[in-house]
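Report on one structure; see the data block that follows.
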Ligand code: ADP
């Protein structure tokens, strides 16, 4: 049976922590849709187009991964794509409460969906898009924390 999973997020920008979750998900599911959330309530650093482009570049060698963007309810998006699994990554304890609340809401909105949490890999447990941006904005090295071309995007953005 074709098993499709959606991995949603802001990906502003994609980090190696995200890529790690994508690779591990692609190992489990026949298709993984990485879905960039178009959130009018947030003020992102990078445009949807740039975030999708960076994700496409970061996942180009994984054949069963597709990058897309969506707005509105994630549960409706998943339904429309025929996906029964939503993947989220968990880092420190701090992620838990928000994710727990969100997962219960997803389930309420779409009973057919399962929310699957993948534990971060140790080397990325402290890594977030916002931390990477903060370090890059002060000219610090983010080598090995983001794909090379994302490093370049960040350098261009903050120069
Ligand atoms: P959101 O705004 O939806 O939290 P993010 O782009 O920050 O979007 O994160 C998308 C998903 O990836 C979330 O489930 C988040 O917990 C997870 N994630 C982010 N960074 C890491 C990391 N370093 N290791 C594992 N999971 C991560």
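Just so it is clear, none of the values below were taken in a lab; they were calculated from the coordinates. This structure is a prediction, so every number in the text was calculated from the model and none was measured. Ideal geometry is used to build each Cβ from the backbone, glycine not excepted, and the neighbour counts take in all protein chains shown.
Just to be sure before I move on: is residue 94 within 15 Å of the ligand (Cβ to nearest atom), over 21 Å from residue 16 (Cβ atoms) and part of a helix (DSSP H, G or I) in the structure I sent? Spell out how you get there, then give the answer.
On the way: within 15 Å of the ligand (Cβ to nearest atom): yes; over 21 Å from residue 16 (Cβ atoms): no; part of a helix (DSSP H, G or I): yes.
Answer is no for this residue.
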Would you call residue 42 within 12 Å of the ligand (Cβ to nearest atom), touching a residue at least 24 places away in the same chain (Cβ under 8 Å) and over 20 Å from residue 134 (Cα atoms)?
no
**Request:** Can you confirm whether segment 74-90 contains a residue that is surrounded by fewer than 17 Cβ atoms within 10 Å (Cβ to Cβ) and within 14 Å of the ligand (Cβ to nearest atom)?
**Result:** yes
Filter segment 97-116 for residues that are in a helix (DSSP H, G or I) and crowded, with 17+ Cβ neighbours inside 10 Å; the one that is nearest to the ligand (Cβ to nearest atom) is 103
Residues of segment 18-56 being under 16 Å from residue 70 (Cα atoms) and touching a strand residue (DSSP E or B) at 6+ places or on another chain (Cβ under 8 Å), in sequence order, are 32, 33, 34, 35, 36, 37, 38, 48, 51, 52, 55, 56
The one condition residue 72 fails out of (1) without any contact (Cβ under 8 Å) to a residue 60 or more places away in the chain; (2) in contact with a helix residue (DSSP H, G or I) (Cβ under 6 Å, 6 or more places away or on another chain); (3) more than 14 Å from residue 4 (Cβ to Cβ) is (2)
